[in-house]
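Here the structure is laid out as structure tokens; the discussion comes afterwards.
The values are calculated or read from the model by the stated rules, or taken from the named source; none is laboratory data. The structure displayed is predicted, hence computed values, not measured ones. Here Cβ is always computed from backbone atoms with ideal geometry, including for glycine, and neighbour counts include all displayed protein chains.
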Amino acid sequence: MARYINQHFLLLLALLTLAAIENAEAQSLDESLLNIEDRWAAARFETNGRQQEKSLKKLLNDVRDLHGIYPANPGAAAWHGIVTRTYMDVKGAYGSMRLAKEARDALLAAESLDPLVFGGLVYANLGVLYSRTPSGFGGFGNKTRGIGYLWKAITVDPHGIDSNYLYAKVLFDERDYAAARNALLKANEAPARPKHPEADRARKLEAANLLAMVEHRL
């Protein structure tokens, strides 16, 4: 009887230990994702030129590693795609199709795992990527598909800062300034996200800058 009790005690102890380890890993991953978000916002809006490119390149290497460790986590996949797309934008004419495909593949991975992770952010980034990537010479750009993803983002998060801002960027590129202005006004009125103060601050600044450009053209 004592042996039976000891076996069950050891089994219970093992299960509790495993649960504690899994909980610690989940907390560590959440902290890592918030750290990546804060670093992305700082690199995107508090640096420029060579320093910005250097910061984003280091961040991209780190988020690649995190996604490699947690391939089944939609948040890790989503940030891999977002950071890659941002780095590609900063490099401008030197941004390669390889980076565009890396961003696309990471965002599609996030979509397949949980399309609603971070609200409509995955859909919004896919929308911008498909809308702004060239279609020729091995490119995968497709404006129809891009607009479709952006509409999904707006449907999921109609008053969200990210979905409306990224939609406005594509509308601005298409010279639909009135519609871009409406989307940017929604972005500016978006409710604050308590766990994402740095990202919100950065996006508000980006939306304000784009709105000034839109107003100049109206």
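How many residues are crowded, with 17+ Cβ neighbours inside 10 Å and in contact with a helix residue (DSSP H, G or I) (Cβ under 6 Å, 6 or more places away or on another chain) when one looks only at the range 140-168? Walk me through it before giving the result.
In the first step, residues of the range 140-168 are kept if they are crowded, with 17+ Cβ neighbours inside 10 Å; the result is 146-147, 149-150, 152-154, 156-157, 160-168.
Subsequent filtering for residues that are in contact with a helix residue (DSSP H, G or I) (Cβ under 6 Å, 6 or more places away or on another chain) retains 146, 149-150, 152-154, 157, 161-168.
Number satisfying all stated conditions: 15.
Let me confirm something: among ALA187, ALA180, ALA199, which residue is farther than 26 Å from ASN35 by Cα, among the aliphatic types (A, V, I, L, M) and assigned to a helix (DSSP H, G or I)? Write out each step before concluding.
Numbers: ALA187 fails: farther than 26 Å from ASN35 by Cα; ALA199 fails: farther than 26 Å from ASN35 by Cα.
Selected residue: ALA180, the only one of ALA187, ALA180, ALA199 that is farther than 26 Å from ASN35 by Cα, among the aliphatic types (A, V, I, L, M) and assigned to a helix (DSSP H, G or I).
Got a sec? Which of ARG98, ARG50, ARG3, ARG39 is part of a helix (DSSP H, G or I), basic (Lys, Arg) and either under 16 Å from the mean Cα position of the chain (by Cα) or at pLDDT 95 or above (or both)? Break it down into steps so the answer makes sense when it comes.
Details: ARG98 fails: either under 16 Å from the mean Cα position of the chain (by Cα) or at pLDDT 95 or above (or both); ARG50 fails: either under 16 Å from the mean Cα position of the chain (by Cα) or at pLDDT 95 or above (or both); ARG3 fails: either under 16 Å from the mean Cα position of the chain (by Cα) or at pLDDT 95 or above (or both).
Every option except ARG39 fails the conditions.
Look through ALA190, ALA180, ALA199 and report the one residue that is surrounded by 13 or more Cβ atoms within 10 Å (Cβ to Cβ), under 24 Å from PRO115 (Cα atoms) and either acidic (Asp, Glu) or over 15 Å from the mean Cα position of the chain (by Cα) (or both).
Details: ALA180 fails: under 24 Å from PRO115 (Cα atoms); ALA199 fails: either acidic (Asp, Glu) or over 15 Å from the mean Cα position of the chain (by Cα) (or both).
Selected residue: ALA190, the only one of ALA190, ALA180, ALA199 that is surrounded by 13 or more Cβ atoms within 10 Å (Cβ to Cβ), under 24 Å from PRO115 (Cα atoms) and either acidic (Asp, Glu) or over 15 Å from the mean Cα position of the chain (by Cα) (or both).
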Revision key, fill the gap. When the range 116-131 is checked residue by residue, the ones that are surrounded by fewer than 17 Cβ atoms within 10 Å (Cβ to Cβ) and either touching a Phe, Trp or Tyr at 6+ places or on another chain (Cβ under 8 Å) or aliphatic (A, V, I, L, M) (or both) are LEU116
